[in-house]
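The values are calculated or read from the model by the stated rules, or taken from the named source; none is laboratory data. Keep in mind that this is a model prediction, so the values were computed, not measured. Cβ atoms come from the backbone with ideal geometry, glycine included; neighbour counts cover every protein chain shown. Remember, those area values only see protein heavy atoms, side chains included, never the ligands or the DNA or RNA. Shrake-Rupley method; radii C 1.70, N 1.55, O 1.52, S 1.80 Å.
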Amino acid sequence: MSNNIAPQEYLFIAEGCYITELSNTPADPDVSIAKARVEPNVTTTWHRLDGVTERYCILEGIGIVEIGDEPAKEVMAGDVIIIPPMVRQRISNRGKTDLIFLAICNPRFTPECYESLV
């Protein structure tokens, strides 16, 4: 079964980054894929996802990811970061160009699973 969802324009979200959904539909409840863009010198707000494991697949740029109480880690194109459910997270762009990554969630992301920690 093909899932040809045309990506929307990036939408700014209160977390501090831009998101475009690539695949997120009730017909495929096991996973969602979004493309995120964080501008230079921006850090997203602390947040966590209830019942959802998230993976950041870094496509472009250089950043710092913070997950739970682990030490901050530099990330760049090719890195994959796994974020367990209910663990606080945020990412910072430390480069001079946009930080672009895929946010892959399983099960799929829904607004109800999102918790801001601000």
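Between Ile58, Ile33, the distinction of being in contact (Cβ under 8 Å) with a residue 60 or more places away in the chain and more than 24 Å from Val118 (Cα to Cα) belongs to Ile33 only. Picking from residues in segment 14-35 that are of a type in the set (Asp, Glu) and open to solvent by 40 Å² or more (accessible area, probe 1.4 Å), the one that is nearest to Ile100 (Cα to Cα) is Glu21. Within segment 26-42, the set of residues being under 14 Å from the mean Cα position of the chain (by Cα) and not β-branched (Val, Ile, Thr) comprises Ser32, Ala34, Lys35, Ala36, Arg37, Glu39.
Which of the numbered conditions does Gly95 fail, given that it passes all the others? Conditions: (1) open to solvent by 20 Å² or more (accessible area, probe 1.4 Å); (2) free of Cβ contacts under 8 Å to residues at least 60 places away in the same chain; (3) not charged (D, E, K, R). If we test Gly95 against (1) open to solvent by 20 Å² or more (accessible area, probe 1.4 Å); (2) free of Cβ contacts under 8 Å to residues at least 60 places away in the same chain; (3) not charged (D, E, K, R), just (1) comes out false.
Got a sec? Which of Val65, Val52, Val38 is touching a residue at least 24 places away in the same chain (Cβ under 8 Å), closer than 21 Å to Glu9 by Cβ, open to solvent by less than 40 Å² (accessible area, probe 1.4 Å) and not hydroxyl-bearing (Ser, Thr, Tyr)? Steps first, answer last, please.
On the way: Val65 fails: closer than 21 Å to Glu9 by Cβ; Val52 fails: closer than 21 Å to Glu9 by Cβ.
Criteria check complete, one pass: Val38.
The residues on offer are Cys57, Cys105, Cys113, and the sole one that is in contact with a helix residue (DSSP H, G or I) (Cβ under 9 Å, 6 or more places away or on another chain) and under 22 Å from Tyr10 (Cβ atoms) is Cys105. When we screen Glu70, Glu74 for residues that are open to solvent by 70 Å² or more (accessible area, probe 1.4 Å), in contact (Cβ under 8 Å) with a residue 12 or more places away in the chain, over 20 Å from Ala14 (Cβ atoms) and not hydrophobic (A, V, I, L, M, F, W, C), the only hit is Glu74. Of the residues that sit in segment 61-118 and are part of a strand (DSSP E or B) and aromatic (Phe, Trp, Tyr), which one is nearest to Glu39 (Cα to Cα)? Looking at residues that are part of a strand (DSSP E or B) and aromatic (Phe, Trp, Tyr), I get Phe101. Counting only residues that are in contact (Cβ under 8 Å) with a residue 60 or more places away in the chain and either over 12 Å from the mean Cα position of the chain (by Cα) or farther than 14 Å from Arg90 by Cα (or both), segment 15-25 holds 4 of them.
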